[in-house]
Amino acid sequence: MSITSGIQNQLKLRPRADDRTGQRSGAAGLPNKMTARGVKVFYGAKQALRGIDLDIQENRVLALIGPSGCGKSTFLRCLNRMNDTIEGCRVEGQIALDGEDVYGKAVDAVQLRARVGMVFQKPNPFPKSIYDNVAYGPRIHGLASGRDELDEVVQTSLKRAGLWAEVKDRLREPGTSLSGGQQQRLCIARAIAVSPEVILMDEPCSALDPIATAHIEELIDELRANYTIVIVTHNMQQAARVSQRTAFFHLGEMVECDDTEEIFTNPRDERTQGYITGRYG
Ligand SMILES: Nc1ncnc2c1ncn2[C@@H]1O[C@H](COP(=O)(O)OP(=O)(O)OP(=O)(O)O)[C@@H](O)[C@H]1O
Ligand SMILES: [Mg+2]
């Protein structure tokens, strides 16, 4: 069975609520949580993104796919201004969160990153206890007024990240004492703890085994009730399983973005077709 026919079967087996409307291309009328218009990124003289236009719909999962080096991580980092921290990196164009320019002069990047959180490829717990990892953001942003409230935030975040049952009796142990899959869920709990509106995930499962991956994928599906999620993945089956929208990037361009089922069953561009059928990338 080819990769695409496998994905097509999978999509057939798992109809999504959205599919029943029979509407295409975001016609379901969901509001855009974030928008990108004409986004170009340069690293020194080298151009990595060539004018990206993309809508990110609220409470949905958008998957970014494409060959290595096409600019997926670069684009993801534009959304919460993580590129600001890279020397020589310049961003042009417009990115809006709830219609407001995130590169506007009045916007504080630290506050923005509390609203648009990020989970990285390699789990990166701080060298602190499990509790303090999750409490870190609420503490620096002053989101909990006392110990009881902080305990509550930590517990809720760990529950939402599907980790509470495994760590409730060892909250004082270091975050690094957890397994890789548990560490990634800890990082998700840490991201959730500041009540972000958008969560960016850059290949969050690439360091995990299939069981831990399945756990994170289930979690992503649950999280989208409360958050808007953008996930970069090299795993086509994963994109098909977790996302409702998929955008295909190639050589710094966004080639097409559509309902995930459309991208995998009826791509319009031959570069997308080539990539999802494994001809290159
Ligand atoms: N910090 C940086 N400095 C200079 N060039 C960079 C930097 N980060 C990325 N690039 C370049 O920008 C382009 C896009 O890279 P990016 O990491 O966004 O690709 P990607 O699609 O995420 O790839 P992968 O799938 O391998 O993670 C590449 O040509 C890369 O070499
Ligand atoms: Mg990348």
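The values are calculated or read from the model by the stated rules, or taken from the named source; none is laboratory data. Since we're looking at a predicted model, the values are computed, not measured. Neighbour counts run over all protein chains shown; Cβ positions are idealised from the backbone, glycine included. Protein only, heavy atoms only, side chains kept; ligands, DNA and RNA dropped before computing areas. Shrake-Rupley method; radii C 1.70, N 1.55, O 1.52, S 1.80 Å.
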Amide hydrogen neighbours beyond the local backbone of E256, cut-off 5 Å, H modeled: F248
The chain, relative contact order in percent, only Cα pairs under 8 angstrom and at least six apart counted: 28
Fraction of antiparallel bridges per DSSP, the chain only, in percent to nearest 5: 60
Relative pair counts by distance (%), Cα atoms of the stretch 171-275, 5 Å bins: 2, 11, 21, 21, 17, 14, 8, 4, 2, 1, 0
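Relative contact order for the stretch 50-144: what is it in percent, counting Cα pairs under 8 Å that are at least 6 residues apart?
17
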Per-peptide average of other Cβ atoms within 10 Å, ordering 101-111, 31-41 highest first: 31-41, 101-111
Relative contact order computed over the stretch 156-257 (Cα-Cα under 8 Å; 6+ residues apart), in percent: 24
Helix-only CD estimate at 222 nm, as mean residue ellipticity for the chain, using -39500 (n - 2.57) per DSSP H run (n ≥ 4): -10500 deg cm²/dmol
Compactness of the chain, expressed as Rg and Dmax over alpha-carbon positions, Å: 18.8, 57
Entries in K40/K105; K46/K105; K105/K128; K33/K105 that, when Cα-Cα distance is taken, lie over 23 Å: K46/K105; K105/K128
Where R241, R185 fall by accessible area, highest first, once all protein chains stay in place (1.4 Å): R241, R185
Acute angle (nearest 10 degrees) that the helix 130-140 long axis makes with the longest principal axis of the chain, alpha-carbon atoms: 80
Hz values of 3J(HN,Hα) by residue in the stretch 101-116 - Karplus curve (6.51, -1.76, 1.60), Gly and Pro given as x: 4, 6, 9, x, 4, 7, 8, 8, 4, 5, 5, 4, 5, 6, 7, 10
Amide H partners (placed H, <5 Å) of A48, local residues excluded: V41, F42, Y43
Three principal axis lengths of the stretch 185-240 [C-alpha, angstrom, descending]: 28, 20, 17
In Hz, Karplus ³J(HN,Hα) per residue of the stretch 243-250 (6.51, -1.76, 1.60; θ = phi - 60°; x = Gly, Pro): 9, 9, 10, 9, 10, 9, 9, 8
Rounded tilt (10° steps) of 3-13 against the dominant C-alpha axis of the chain: 70
Euclidean distance between Cα centres, the stretch 187-206 to the stretch 103-166, Å: 9
Residue-by-residue Karplus 3J(HN,Hα) for the stretch 56-72, coefficients 6.51, -1.76, 1.60, Hz, glycine and proline x: 10, 7, 5, 6, 10, 9, 9, 9, 9, 10, x, x, 3, x, 7, x, 5
Cα shape, the stretch 217-281, gyration tensor, a/c 1.5 rule: prolate
